[in-house]
Amino acid sequence: MLKTLLISGLLYLFFLPYETFCQEKQSGDYIVNIEGDTLFGKVQHLNKKNVNPKYYKKIRWTNQQGQRRKFNRKDVLAFSVDHQIFEGFWLKPSSQNGLFGTFTYTIDPKKKERYFLKTLHRGSLNHYELGWWEQGESLFLTLELFKKKEDMFLIRVDQGVLGLKRKSLIHYFQECPQLVEKIKNKVLKNSSEIVSFYTTKCDNPQ
């Protein structure tokens, strides 16, 4: 039963229309549970009380009537806080790329740890941000990820201050020669420019 719910939830999240996300994004905080129900109310996923912030083990939800509930992370598909959407994934590191470590993450429902990625863009090419604090540190670190709509994996986009992982991106977008050329010649400077180009030129070629 649990396996069926996990698979159903995964499919629901992948194929939920982008317009639906946009409409809900304007409605304030909410949680999408494992059954696909959207529960509106105040959402808290981050404990900011201490000097070093950390994520709550359970996501906290309070409705307009003051009713409170805590959700296990495995029971949440997505949530929105302050008009920012986070989507949940079970991620398994699956490839290594020399000095800069893992660059591919497979979506694997068998994994015990669930990551919630900040949604920067959702469409034919999804753009996410994974953020974390180093243990015992107040420094917040992030890395960006791409996922094509049909893929069951995500790739790392950047390598911190060194910029885009151009070799990986050239391989990832090989079906779109125009985009490959722009990345190779450093015409596109950041991930947002790549998303925009892919959406207008590769997914909908003129």
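The values are calculated or read from the model by the stated rules, or taken from the named source; none is laboratory data. Predicted, not measured: the structure shown is a model, and the values here were computed from it. Backbone-built Cβ (ideal geometry, glycine too); neighbour counts: all protein chains shown. Note: accessible area is taken over every heavy atom of the protein model, side chains too, but ligands, DNA and RNA are not part of it. Shrake-Rupley method; radii C 1.70, N 1.55, O 1.52, S 1.80 Å.
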Too-long pairs where the Cα-Cα distance tops 22 Å, listed order kept, from LYS147/LYS167; LYS57/LYS165; LYS54/LYS189; LYS58/LYS149; LYS167/LYS189; LYS42/LYS70: LYS57/LYS165; LYS54/LYS189; LYS58/LYS149
CYS176, CYS202, ranked by accessible area, largest first (probe 1.4 Å): CYS202, CYS176
Could you work out how far apart the two model spin labels at LYS92 and MET152 are, taking each label as a point 7 Å from the Cα in the direction of the beta carbon, and quote it in nm? 0.9
Please give the contour-minus-distance gain from ASP203 to LYS110: 0.36 nm per residue of separation, less the Cα-Cα distance, rounded to one decimal in nm. 30.3 nm
With r as the distance between the Cβ atoms of GLN64 and LEU141 and R0 = 25 Å, compute the FRET efficiency 1/(1 + (r/R0)^6) and round to 0.05. 0.10
Kirkwood Rh, Cα atoms: Rg over Rh of region 121-206: 1.01
